[in-house]
Each structure stands twice: as C-alpha cells, then as structure tokens.
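Remarks on the structure that follows.
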C-alpha cells in the first residue's frame, strides 16, 4: 500500500520476508520493509524486538536464513560489513567507531588513506587531500570547523556524530543505518543530529533510523516501522499516526 | 548552551587558545625537561667545577653512546605502546641478539673475511631477535594473551635462551670491523650514534607518514573503530611485536659491537629505561598517543641524567631517584592533558 502512495520509483532498499534464527530462537520472522531515496524510515520496537538483528542483517554482519534483500532492484548477499559498505550501505554505530586521536580527515580515510610521493619517490600520507576532503564533506553537512588538524576527541557529541556521517557520505553511502544516534546527546546536540538527518534526506539518501525517542522519530521520519518479537507489528506514515498509536504497536496493547 | 553551538564557526576564545597552548606544551614536555636539565647541569658544572657541561663534544659523545641502546628499544616500544600494548621481553631479546651476533661474528671470522663475518653476525642477531618478537605477536594477536603477560613469559624464555647460548658468560669477539662499528667515529661522531640517528629517521617516517603508522594510532584509540574501518588489526598487531623484537635486536647487536662482546644480561637494566623514555617522551600507556621525536627526547633525558650526575660527581644511586621523579611528573602531565582535552569545547 505504502509503495503505491510513495510513487512509482523502485525502492532503494527492499527487504522481503527476511528471517533469522539463532539456535532455537527466531529473532526475525519474515520481516519486510522498504526504503526509498530521500526517505527517512524510523525503526521502532521494544528491547529484543529484532531491530538490531534486522539492521545487522541488512549491513552484512549477519546473513539472512530466509527471504531476500534487494538493493536498487537487485538481490544482494553480503558476507561481511565491508561488502555491504562497498555497495553503499553504511552503518553508524552508537559508539560512532571514530579514532578520537585522529583528525576528521584521517577518520574519513581510515583504512584507505590517500598517498602521495614526496621528493618524487617517497610515498607519504596525503594529509592535504584528507583535510580538503574533510572540509568539503563537513560543509555539505552544513558543519564548519576551523581547525581541521584537531583530533575528533576534542569535538562535542553532535559534532562527532557529524564526522561519522561525513565519513559515510564521503564514500558515497546511499543507505545510512543509524543506531540510536541521539541517545547519548544533550538536547541541543540532538537537534543538530536531527538537522543532519534532514540534510541527508535532502541529498536524496535513504536513512534507517533506530531510536527509542519518539519525539526524535516524529521530528525527522517519513515512516515508522514497528517491530515486536521479531515480527512486523505495523507500519505507519508519520502524518497519519501519533505517539500513542506507536507505543501501542510496540507493546502490543 | 546555544552559544556553544555557534562557537564552532567563530574564532576560538582566549581561554580556549591558552588551553591549546598548554596542551601543545604538554605534548613536547620531554624537550622542556631536557632543556631544564641542561640549564641546571650547566649552572651546576660552572659552580662546582668551573667548567661547561653543555659546550663539550666529549660529553655529548658519551651521552649519545649511552642513549643508543635504550633508544633503539624505545623506538620499537613507541609503536607498541601507541597501539595500546606493552613489550616487556625486549630487554632480554636485546641480550639474546647480542650473544648471537657475538657468537656468529667470532666463529665466522675464523674462516670468512672479517667484514663479511660481521655483516652476517649483525643480520643473524637481528633475525634471531625477530623470532621471539614474532611469537609475541602470535600470542597477542591470535591467541588473545594480554600483552603484559605474553611478553613477560617471553622475557623469561629469551633470558634463559640468551644465557644458555652464552654458556653463562660473556662472548668475546675479536674482529676489527666489529670494533670499528662499535667504537669508530665519522667526523667525530660515533658510528653507532649515526646508525641510531638514521634508524630514528626511518621510524619517524614509518610512524608519521605511512598507513602503518596511522593504523597504529587508530588501533590505540579504538580497536573496534579500526576493525570497522577494515583494518586487519590482528595482522597489524603481529607486525608491531615483530618490529619491537627487531628494534631490540638492532639495539643488541650495536651494544655487542660497542663492547666487542655479547652479554646475555646486557639489556636487563635497559628495558625499564626504554619504557621510561617512551613515557617521558609523551606516549600514553593507555595507547593512542606518542611520537618518535618525543621518544628521542625521552631517551636523551635519561642519558643526560645518568651521565650528568656522574660528571658532577654525584653518588650514582641518585640517578634512579631522578629518573623516577621525572617519570612520575611525566605521567601526571599526561593525565592533566587528558583531562583538559577531555573537556570537549
């Protein structure tokens, strides 16, 4: 139903009846969801509802036991998170996975640093290129920093969140999965992150956003997918629902 | 609170600027220690003996020679400590390398040209040192043994092996090239100091300009972050301990050349001096920070204290107290620095 309303374009990410079991526990029982370009989908549910398992299955940490995942219309199987990343699916974990002692540029390029030749023969890190990419990327997120050489540990929580997002979009992530991006932040910083997500949406990327904070969910999402005990409990467009209904779906009242 | 959010785009406040100046000073504390020491020793030398401490080529040669072995061990340790690990086995790996280099150089010198015998001896010493380094790496990266325990075990293994190979005594070498390497001078500068200086440049390049160095810092900051960035943390750790062993090996063969003899116990007092050099040099034992030139300054601080107190006729036991106090000050500075930079904005 939602597909018809959202338009004729094929979804960016199409999760079809995915199931996943760990031993005797069925963590996902045939969950389906879709994500379009420029759309923010919130993934809600109580602890143990299967939110983490679902995103880890999408991002290649786990492999689905049943069902299929389509990316841009094609069926994909990711053996590792690296494989998913190379297809443009990037996960931003709650701990952000930043090296706090390195600069923004060094974090963006961590593991794939650009090199240049000094004196025509000696390979050295291309710090100028890293700083330039960092400046451009952060500007795209409407985030301006003076000292590009400062370690990211010096920045605030919301700014570090922006660095983690910047790293994902520099590598051209089309699907961003954000795990509780506002959980550890103060109120002004939460607002900054909400603005970042709106920015990503405007750039035509798809965002899956896990949160316990209904206020944030209603501030930024287009749709909410609610999971309960490994199954799809319901799916609502933000404009057509309210927090009470979502809570009822979550707890099964 | 909202002022906080806009501050990022405006110029930093004077308070913030003075704080960052403090942090910068803290980062180069080893060079500050060194300057202060030199000023104190210079004044002391003039008052007590009416001569200069600093304007003496002889003093600097002696300090340089004394600093070589601890510095070489400390260079490898700088990498290991930045990655958040520790290598306690390097003292006896150094002794092992000294004994092997002495044995091989001496035995081959009987049949081969002396220069060739020395080269093979040096290579053998460093190569043998790489073996315990490799095993350390295997224990820590693959078998998940904590670095402190794994390398403590290797400390004992290398120690026993070195004494067994040496037959419980020192192994003398009579090889004129070996003696030249250890005691010769080029333009007045001891050869081993030149070798150490070239090696310092190589290690500085490796740490500050290559992916290997960058990944070492990243692993020290967060293994999880490094893993998620696609860095092969296990293989990297393996290489770090191999490098540490090889550095200790180079320290050992140069030490053997200096005394034209290999002694198993050579590195025993040098282990702690080398770790002290890294810490005084600004590396944090929690991992994630440190530089090669900081470590060089740290090694010089220790060598200047040790040589300077002898020069000034101070009872030699004061050395331990002086080095100990500087280590404690250095760690206190490191903690303050962490607290300051931990206060975000």
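Details
- Per this entry, residue A:110 is counted among residues that are facing chain B (nearest Cβ under 8 Å) and crowded, with 22+ Cβ neighbours inside 10 Å.
- Test: residue in the stretch B:274-282 that is away from chain A (no Cβ under 14 Å), modelled with pLDDT of 90 or more and surrounded by fewer than 20 Cβ atoms within 10 Å (Cβ to Cβ): no
A quick yes/no check of all residues on (1) over 16 Å from residue B:32 (Cβ atoms); (2) without any contact (Cβ under 8 Å) to a residue 24 or more places away in the chain:
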{"site": "B:246", "(1), (2)": "yes, no"}
{"site": "B:252", "(1), (2)": "yes, no"}
{"site": "B:260", "(1), (2)": "yes, no"}
{"site": "B:285", "(1), (2)": "yes, no"}
{"site": "B:295", "(1), (2)": "no, no"}
{"site": "B:298", "(1), (2)": "no, no"}
{"site": "B:316", "(1), (2)": "yes, yes"}
{"site": "B:324", "(1), (2)": "yes, yes"}
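- Selection count where residues are over 30 Å from residue B:284 (Cβ atoms) and part of a helix (DSSP H, G or I), scope the stretch B:28-59: 11
- Which numbered condition residue B:230 misses (of (1) surrounded by fewer than 20 Cβ atoms within 10 Å (Cβ to Cβ); (2) assigned to a helix (DSSP H, G or I)): (2)
- Candidates B:249, B:262, B:220, filtered to the one that is surrounded by 23 or more Cβ atoms within 10 Å (Cβ to Cβ) and within 14 Å of another protein chain (Cβ to nearest Cβ): B:220
- From A:94, A:82, residue being out of contact with any helix residue (DSSP H, G or I) (no Cβ under 8 Å at 6 or more places or on another chain), modelled with pLDDT under 90 and assigned to a loop (DSSP other than H, G, I, E, B): A:94
- Single match in A:221, A:156, A:211, A:231 (criterion: away from every other protein chain (no Cβ under 12 Å) and more than 20 Å from residue A:39 (Cβ to Cβ)): A:231
- The set of residues in the stretch A:29-68 that are free of Cβ contacts under 8 Å to residues at least 60 places away in the same chain and at negative phi comprises A:34, A:47, A:56, A:57, A:61, A:62, A:63, A:64, A:65, A:66, A:68.
Matching residues to (1) outside any helix (DSSP H, G or I); (2) within 14 Å of chain A (Cβ to nearest Cβ); (3) buried (at least 23 other Cβ atoms within 10 Å of the Cβ):
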{"position": "B:237", "(1), (2), (3)": "no, no, yes"}
{"position": "B:241", "(1), (2), (3)": "no, no, yes"}
{"position": "B:245", "(1), (2), (3)": "no, no, yes"}
{"position": "B:272", "(1), (2), (3)": "no, no, no"}
{"position": "B:290", "(1), (2), (3)": "yes, yes, yes"}
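- The stretch A:29-49: number of residues that are at pLDDT below 90, buried (at least 20 other Cβ atoms within 10 Å of the Cβ) and not in a strand (DSSP E or B): 1
- Counted as qualifying within the stretch A:108-207 are the strands (runs of 3 or more DSSP E) with 2 or more residues that are within 28 Å of residue A:60 (Cα to Cα), namely A:175-179.
The values are calculated or read from the model by the stated rules, or taken from the named source; none is laboratory data. As the structure is a computational prediction, the values presented were derived from the model and not from experiment. When we count neighbours, we look across all protein chains shown, and the Cβ atoms used for this are built from the backbone with ideal geometry, even at glycine.
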